[in-house]
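Inspection log for the structure reproduced underneath, given as structure tokens.
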Amino acid sequence: MAVEAGTQQDRVAGRVWTVRLDPYGSPSAGTVRLSCSRPACPDQRFPGGAAAGRKAAVEHVNLHLAHIRAGGGPRGEAWCACRTADCAWHTPDPAVGPRGGTRQTAGSARCGGPVVLTVYADRARRLWRIAEMCTRCAAANDCRVLDTAVPPARTTSAGADQPVETPAATAGDGVAEVFSDHSPSPATGASSAPATAPALFPPARPAAAGGRSRRAKRWGKIAQRIIPHDLEPDVLRLELIDLGDAFRAYQQRTEPDLVLLAELHERKARAFRLWADVSGDGSLRHEAHRAEKAAQTTREMHANRGGQPVGDTAGDDGPVVERLLTRQQAVHARAVLDSVQAHTPRPEAEVRLAVLMLTLRAARAGTGNVTGQDLTGWLQGDAERVLQQLVDANWLHLPGTAAEVMASRPEDPVAVTVPTLLPDQPRPFTFGKTTRARISGWAQKVVGDRKIRKKKATAAARLLALYTAAHTRTDGRLGRAEDGGLHLDQAAAFCALPSGQVTEHVQLLVAADWLAEADTAADRLRGQLTERVLPLGGLL
């Protein structure tokens, strides 16, 4: 954008229109206010909530675009509106750059290219901005380019490195496109729209041949970092730009693809590691490490959802199910079972089942909500007696009597306390609140299984169902392959049963369609979960 000094003083600031949505009045009212930076546009209020406000905002943006088109489109003699704002739109801190460096000032902002008309919409769809800016700032801001201005007649300053560029021809006179709130990401290149919607907010205009094409590809953004236009080697710069576009395209997908996401994270890790080597920036190496961990976590999520171990290719013919617990959550679940077995204050199966369920309610803070309906569902007619036994053993503290807890309703649960799980005590478990809730829900589904309830299963049988679910492989078979099943004496000890009584409880689980097959020969419990309960399997 180097021009003669005599020409610069004739230039005008780029125009900016800002449309925003804000809550208005009481949050329960659901009213939003639409405001525009143009003084001639009065504020509007919409009681229909954010959806109605977004629709009105898109219509308002399109109204301004129509006026700009009627007025001749973007102006070639305008200064970049982003540079006028000291490039604050893509440099968040007024004094420090996003990674600790000093931010560019207005005098050093690297604006360049012809003036274009752009539209930017934030991810939350609460701010829209129309602006006249240079092509470099448009790329740095992830803006959509609607039209390119015809540059004013001018000559380059003496010794300028770059010739004056001729913009690509526009489609029609001025701005021919309109904006749609449901438009795809620029990276997707999608161009179709619903039949009821206006023409889509278009993808970036194809660059003209020659130097302009090379110039447009020099800029990009990834992980809130602007990719330097002079980054070497060139293949690294192009890979980073492509990765940024690919991540933005993935965010626009309606359905997740964890395999694709893991590949993107792996590419990012390799590219950021090379970028760190080239630039010497330690934060880039840290970002590469984070990307590696994200790739591994994403692959584990994909394996857990499909019931396939990471790196295992032998089970392609096995069942593919949506697991309730991830592999790591199943590890934590088995840790809870072991802890409960070791610290139950009384040996009865009913007490152990109550201790397990209450432990899962209070595992994080030492307190948890429970109702009489919960206790009855776990223990039927023994609930009040067992509750009182736990209180007498000082394992559980109640705010009132056991009878009052049994009378509590779902709308008014009772907060019970497990002293050994309070934060000032040594922490027996290391999982977070999300994992706690997931494991508690898993145990509730097992204990409350409809077919097991119909068989009037005892507390010991329900404990056996929990134990078998927690110790299964991806195909639903019990125990690790090298062990040939579960150790019968260990299963009996967890269920508070003599070894000789495990068989009759196993047969009850077979009759309840919990186990498809089972035998207890040679001190091993062998069997397989039925297809209907495979999602509850613990993924050994």
| Would you call D281 surrounded by fewer than 17 Cβ atoms within 10 Å (Cβ to Cβ) and of a type outside the set (A, V, I, L, M)? | no
Filter region 288-318 for residues that are more than 18 Å from the chain's Cα centre (by Cα) and crowded, with 16+ Cβ neighbours inside 10 Å; the one that is modelled with the highest pLDDT is A288
A443 meets each of (1) touching a Ser or Thr at 6+ places or on another chain (Cβ under 8 Å); (2) under 15 Å from A333 (Cβ atoms); (3) not acidic (D, E) with one exception, condition (1)
Here, helices (runs of 4 or more DSSP H) confined to region 445-494 with at least 3 residues that are basic (K, R) are 450-454
Problem set entry | Filter pass, L421 being in contact with a helix residue (DSSP H, G or I) (Cβ under 6 Å, 6 or more places away or on another chain), of a type in the set (A, V, I, L, M) and closer than 14 Å to V336 by Cα | yes
Residue count, region 12-30, condition at pLDDT below 75 and either surrounded by 17 or more Cβ atoms within 10 Å (Cβ to Cβ) or not in a loop (DSSP other than H, G, I, E, B) (or both), comes to 3
Could you tell me whether any residue of region 249-261 is under 26 Å from E300 (Cα atoms), touching a residue at least 60 places away in the same chain (Cβ under 8 Å) and in a helix (DSSP H, G or I)?
yes
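The values are calculated or read from the model by the stated rules, or taken from the named source; none is laboratory data. This one's a predicted model, so the numbers in the text were calculated from it and none came from an experiment. Positions of Cβ are backbone-derived with ideal geometry, glycine not excepted, and every protein chain shown enters the neighbour counts.
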